[in-house]
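Here the structure comes first, spelled out in structure tokens, and everything after it is commentary.
The values are calculated or read from the model by the stated rules, or taken from the named source; none is laboratory data. Values in this document were obtained by computation on a predicted structure and should not be read as measured data. Here the Cβ positions follow ideal geometry from the backbone for every residue, glycine too, while neighbour counts run over all protein chains shown. Each accessible area value is taken on the protein alone, full model and side chains, heavy atoms only, with ligands, DNA and RNA left out. Shrake-Rupley method; radii C 1.70, N 1.55, O 1.52, S 1.80 Å.
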Amino acid sequence: MRGMLGSWLLASLLLWQPGVSAAPPSLQAYTENLPPLNYEQGGQPRGFSVELLKLMAAEAGLDLRVQVLPWARAKSLAAQEPGSLLFTLTRLPEREDQYQWVGPVGPRRIQIYKLRRRAEIRASDLPGLAAYRIGVVRESAVARQLLAEGLDEKRQISWARDDESNLRMLLAGRMEGIAMLDWAALWHLRRLGLPASTLQPLFTYSASPDYWFGLHPQSDPELRLKLQSALDRLKRDGRYDALLRRYL
């Protein structure tokens, strides 16, 4: 009996150490290069959505790890790990059951842009683009939307690997227009040292749905509630708006 008691006391002392607390629960997040929402710079994840998620994780008491990867890889890893998070996502009807949604993160307004100097290019809707080629990022949500609405993939679409290469091809005169998030258009123009007036919107293609964070569908619902509550607090106390103004 005395030996058992001694073993129990020893185990208790090893488990209990003054000043040492349990590590906070961790959250693994995956994203892609989609500046200024999320991207990698100097080996570190950056961008509006990344900064927002960091604030949310701190508010919720979570240890956050973010990886910036090619979209297909990010999506594949997130799908394999219950409790992981994928961002920044467009909340489309066909995706509704694929994630537990946290958000909205921010506005999504896709514009069809032309170069301002190209006065001969005119269109106010999709049918008006019939004679033009439009630059689109491959496998993006807007690419799927444009194809679903009838744009001819071979005749009207010019594929790009990302927004930067899309804009560079437009500047080089390889197509007549591009489909791009308004945040991204301004961000990339600044990076290239060009004024915002370089581009002119032909029309707004899509002003909804917003961007969201997507948790693996088998994640603990309590995790979603913690993150959503944290985001709601950030919006109430002004920190969300202050962050948004830095990027918009």
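Got at least one residue in segment 166-176 being touching a Pro at 6+ places or on another chain (Cβ under 7 Å), farther than 17 Å from residue 106 by Cβ and surrounded by fewer than 17 Cβ atoms within 10 Å (Cβ to Cβ)?
no
Residue check: is residue 113 under 18 Å from residue 182 (Cα atoms) and among the hydroxyl-bearing types (Ser, Thr, Tyr)? So residue 113 fits the description; yes.
Taking (1) touching a residue at least 12 places away in the same chain (Cβ under 8 Å); (2) over 19 Å from the mean Cα position of the chain (by Cα); (3) surrounded by fewer than 17 Cβ atoms within 10 Å (Cβ to Cβ); (4) closer than 27 Å to residue 31 by Cβ in turn, residue 157 satisfies each apart from (3). All of (1) part of a loop (DSSP other than H, G, I, E, B); (2) touching an Asp or Glu at 6+ places or on another chain (Cβ under 8 Å); (3) in contact (Cβ under 8 Å) with a residue 60 or more places away in the chain hold for residue 57 with one exception: (1).
Being open to solvent by 20 Å² or more (accessible area, probe 1.4 Å) and not in a loop (DSSP other than H, G, I, E, B) is the filter here; which residues of segment 114-137 pass it? Selection gives 126, 127, 128, 137.
Residue 46 meets each of the listed conditions (1) in contact (Cβ under 8 Å) with a residue 24 or more places away in the chain; (2) of a type outside the set (Gly, Ala, Ser); (3) crowded, with 16+ Cβ neighbours inside 10 Å; (4) over 21 Å from residue 209 (Cα atoms) apart from (1). Please specify each residue of segment 60-99 satisfying the condition of being assigned to a strand (DSSP E or B), among the aliphatic types (A, V, I, L, M) and under 15 Å from the mean Cα position of the chain (by Cα). Within segment 60-99, 66, 68, 85, 86, 89 qualify.
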